Each structure stands twice: as structure tokens, then as C-alpha cells.
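Q: Just dropping this structure here.
The values are calculated or read from the model by the stated rules, or taken from the named source; none is laboratory data. Since we're looking at a predicted model, the values are computed, not measured. Cβ: placed from backbone, ideal geometry, glycine included. Neighbour counts: every protein chain shown. Remember, those area values only see protein heavy atoms, side chains included, never the ligands or the DNA or RNA. Shrake-Rupley method; radii C 1.70, N 1.55, O 1.52, S 1.80 Å.
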Amino acid sequence: MKVAFKRLAAYWLDFAVLAVALVGLQLAVYRATGGFPFDRLDRGFEIEAWVLGSMSLPVWAYFIVCETWRRQTLGKRLLRLEVVTAEHGTSIGLPRALGRTLIRLLPWEATHLIILVPEPWWDVEQPSHPYLIYLPNALMVLYAVVLFATKGRMAIHDYAMRTRVKERA
């Protein structure tokens with residue numbers, strides 16, 4: 001159970017660092033350009049494209065690069081965890097890192113799409129399908145259930161990509 005809590009803490013540490021860096025970068029762009037491109041983004045697809053390019057892709061790159069090259073993100077490193085192949089305990093490689101990231105961040109990306117496309121929820125009186133927001137939330141609950149059921153050794157993305165997270169000696 002300890003590993004499950006350590007994994008969650010590592011994940012939140014990673015997101016805190018990424019949020020500070022990426023939101024800071026966006027704030028710097030906003031101030032340096034007098035509001036561009038933010039003042040020009042008003043359609044859902046435009047906002048989604050900006051979020052994808054300025055937030056999602058850097059987050060994806062962070063997880064993929066860190067887990068491919070070092071077996072760990074900053075959060076995992078601080079909490080002495082590493083991701084390895086389930087079969088041999090070796091480095092996971094690029095295809096598995098990509099797959100892990102795709103599955104792990106699916107609820108986050110689905111939330112962006114649901115809230116932003118076709119029109120941002122804040123621009124409409126009633127979103128066309130507000131119940132869809134329950135899907136990424138249900139996925140996150142399922143992810144947590146699997147993580148705790150395996151005492152932190154494997155999450156859904158580990159099962160799918162045949163990886164596991166272990167404590168580093």
C-alpha cells in the first residue's frame with residue numbers, strides 16, 4: 001500500500017512542477033505579447049489546439065522522455081521509484097513509455113475535449129452533453145481502484161504496457 005501512496009505523491013509532484021513551469025511560461029507569453037494569442041482564442045477547437053500544444057504535448061514529452069531515458073520522472077526520483085518492464089525489470093523503451101502516457105493521461109485529455117469542443121462550456125448556456133464529464137472521472141476512479149488493489153505495483157497503464165513500478169534500492 002505504501003508504494004501506491006508513493007506513486008500518487010510522485011504523480012502530483014510531477015504535475016505541480018509541470019503546472020508551475022507551463023503556467024509560468026504561458027503567463028510570460030501573455031505579458032510579453034500583450035495578450036496574444038489568448039485574446040484571439042474564442043472557439044473551442046482553437047482553445048483545444050492551444051491547450052494541446054502549450055500544455056498537453058509538453059506534459060506528454062516530460063513523462064515519455066523521463067520514463068524512457070531514466071526510468072523515472074522527478075517525482076519518482078524524489079520518492080525513490082522507477083518504472084521497469086514487468087517481464088525482466090529493464091528499461092521500458094519508447095513504445096511502452098508512449099503507451100503508458102497515452103493511457104495514464106487519457107482522463108485529462110478527455111476532459112479537455114469534453115469541456116472545450118465544439119464550444120467551451122463557459123460560452124454556452126447549457127453544454128450539449130454535460131454528462132460526458134462523468135466518463136473521465138469514472139476512469140480516474142477505476143485507475144485508483146486498480147492501483148490500490150495491486151498495492152501500487154501496477155496501474156491500468158502498467159497492465160496495458162506490461163510495466164511495473166518498483167522502489168529503487
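Q: Let a ≥ b ≥ c be the square roots of the eigenvalues of the Cα gyration tensor of the stretch 21-68; is it rounded (a/c under 1.5), or, if not, prolate (a/b larger than b/c) or oblate?
A: oblate
Q: HN-Hα J couplings of the stretch 150-155 from phi, Karplus 6.51/-1.76/1.60, θ = phi - 60°, integer Hz, Gly and Pro as x?
A: With the stated coefficients, the stretch 150-155 comes to 9, 6, x, 5, 9, 10 Hz.
Q: In nm, to one decimal, how far is the Leu132 label point from the Trp108 one, both placed 7 Å along Cα→Cβ?
A: It is 2.0 nm.
Q: Given the -39500 (n - 2.57) contribution per DSSP H run of 4+ residues, what per-residue ellipticity at 222 nm results for the chain, rounded to the nearest 500 deg cm²/dmol?
A: Computed mean residue ellipticity for the chain: -19500 deg cm²/dmol.
Q: Compute, for the stretch 5-88, the length of the dipole vector about the Cα centre, with Cβ point charges of +1 (Lys, Arg) and -1 (Asp, Glu) only. Units Debye, rounded to 20.
A: The calculation lands at about 420 debye.
Q: Out of the total accessible area of the chain (probe 1.4 Å, heavy atoms of protein only), what percent is carbon and sulfur?
A: Here carbon and sulfur together make up 70 percent of the probe-accessible area.
Q: Starting from the Cα of Trp121, step 7 Å along the direction of its Cβ; do the same at Trp50; then give the gap between the two resulting points in nm.
A: 1.9
Q: Hey, got the dipole for the chain? About the Cα centre, +1 on K and R Cβ, -1 on D and E Cβ, debye to the nearest 20?
A: About 1320 debye.
Q: Roll a 1.4 Å probe over the protein chains and send me the accessible area per residue for the stretch 85-146 in Å².
A: Spelled out: the 1.4 Å probe surface of the stretch 85-146, per residue, equals 59 Å².
Q: Around Thr163, which amide H atoms from residues at least 5 apart in sequence, or from another chain, sit under 5 Å from its own amide H, with H modelled in the peptide plane?
A: Those qualifying (amide H under 5 Å, at least 5 residues apart or on another chain) are Ala86.
Q: For the chain, what's the relative contact order in percent, using C-alpha pairs closer than 8 Å and at least 6 residues apart?
A: That works out to 31 percent.
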